[in-house]
């Protein structure tokens, strides 16, 4: 199965434990997660609310530190990185997409997309050009001077996707990206993500409840009670999606 | 099933290598973003500024009144002796020091409250910015710049409002003569005092909440619900 290449896995977690202390009680959100994710894979993390999938998402994205265990991104232990190195990683190597879009409300679509480029030190003009190109790719080329409040939910999520690709990352982390969208808009967003995954070869890791999202995944990781319950390849499972008829023939 | 069919360009590079560090943004960029933050959140910013403005207006009014009172002719309707007048003047001075201190405390509390609110309601924005690669220092600098702008603006208008208010109030007593009791040097000193106090208090009140917010792991900042 494995070709033994050192770079086959882009993300590896080893015995990741995350504890929260609440009202004097220690709560284990993650109880030792081992997970290897290959380069270019499209992964869905499934699990009920409170299963720890968002916590795992935060660990993989370097948004929080594990209490025990390690997360390796390209064989580099994230615990070894200092604040500035982590910021560098978050800026250039990982793109984040959130359920609530999290656009900066005071900035236009284009400014939102170029912000990570500015953080990466890209000259303004080059950033603007690349930003417009990205907004064209997500189908918002004509709306780049609009503020988030002037855009629909689906459009905001498209801006967020364009922003996540700003510095040409190797990993896209999406936390319930369709959670706040209606069915057909959600499908569009999923297709867009899948296309970006195929065209650009980025690894997509997505926490989701959405079966349509699961449908386009290469592998599905089931999280339960802070542990990986099982991992399935897409081709080994059958998903019945009534509303998928018009979704580009992705469903069975 | 092994990995993907072909190794695509974005994944060729090794990522997260130690030694690659995020750089500090030039101040100009932070300046631009801070200014835009105030511009877009204009009314919200004006309410924050109003807190500072009122505090400084109170300070300026107290200062204005005390300048005029120290220069106006002494009324001696009760025929008091020189010694008694001296005592009266000293008592007035003590009262004024009290008033100025109180007004400063009132301003400080008001400003801290406004700035705490303004930082807290933007936790999610801070978390997002950190996800996009902002350094802690950038977040702090952004808030301090915003606070600085607001502080200068609000102190200026606060001084204008408070000082002219005290002059108008005294005009009921002295008419146009009031201008003779306002030596420019002391007015200027009052102005510098008010500007310094307003700006300094605004910036100081912002440092602590901004620093705390910037230090949170992004996950915690994103999680928080206000």
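A few points about this structure:
- Any chance residue A:189 is in contact with a helix residue (DSSP H, G or I) (Cβ under 8 Å, 6 or more places away or on another chain) and closer than 17 Å to residue B:124 by Cβ: no
- The numbered conditions (1) closer than 17 Å to residue A:221 by Cβ; (2) away from chain B (no Cβ under 12 Å) are all true for residue A:60 except (2).
- Of everything in the stretch A:81-106 that is surrounded by fewer than 23 Cβ atoms within 10 Å (Cβ to Cβ) and within 7 Å of chain B (Cβ to nearest Cβ), the residue that is farthest from residue A:120 (Cα to Cα) is A:106.
- Of all residues in the stretch A:169-197, those that are crowded, with 23+ Cβ neighbours inside 10 Å and assigned to a loop (DSSP other than H, G, I, E, B) total 4.
- Verdict on residue B:80 being surrounded by fewer than 11 Cβ atoms within 10 Å (Cβ to Cβ), free of Cβ contacts under 8 Å to residues at least 40 places away in the same chain and either over 17 Å from residue B:57 (Cβ atoms) or in contact with a helix residue (DSSP H, G or I) (Cβ under 7 Å, 6 or more places away or on another chain) (or both): no
- The stretch A:194-219: number of residues that are under 19 Å from residue A:54 (Cβ atoms) and either more than 14 Å from chain B (Cβ to nearest Cβ) or free of Cβ contacts under 8 Å to residues at least 60 places away in the same chain (or both): 7
- The residues on offer are B:31, B:42, and the sole one that is within 14 Å of chain A (Cβ to nearest Cβ), surrounded by fewer than 19 Cβ atoms within 10 Å (Cβ to Cβ), at pLDDT 80 or above and within 30 Å of residue B:102 (Cα to Cα) is B:42.
- Checked across the stretch A:42-50, the condition of being closer than 27 Å to residue A:235 by Cβ and at the interface with chain B (Cβ under 8 Å from one of its Cβ atoms) holds for no residue.
- All positions within the stretch A:159-168 that are more than 11 Å from residue A:201 (Cβ to Cβ) and either in a loop (DSSP other than H, G, I, E, B) or out of contact with any helix residue (DSSP H, G or I) (no Cβ under 7 Å at 6 or more places or on another chain) (or both): A:160, A:164, A:165, A:166, A:167
The values are calculated or read from the model by the stated rules, or taken from the named source; none is laboratory data. Note that the structure is predicted; figures quoted are calculated from it, not measured. Because the Cβ atoms are built from the backbone with ideal geometry, glycine has one as well, and the counts that use them run over all protein chains shown.
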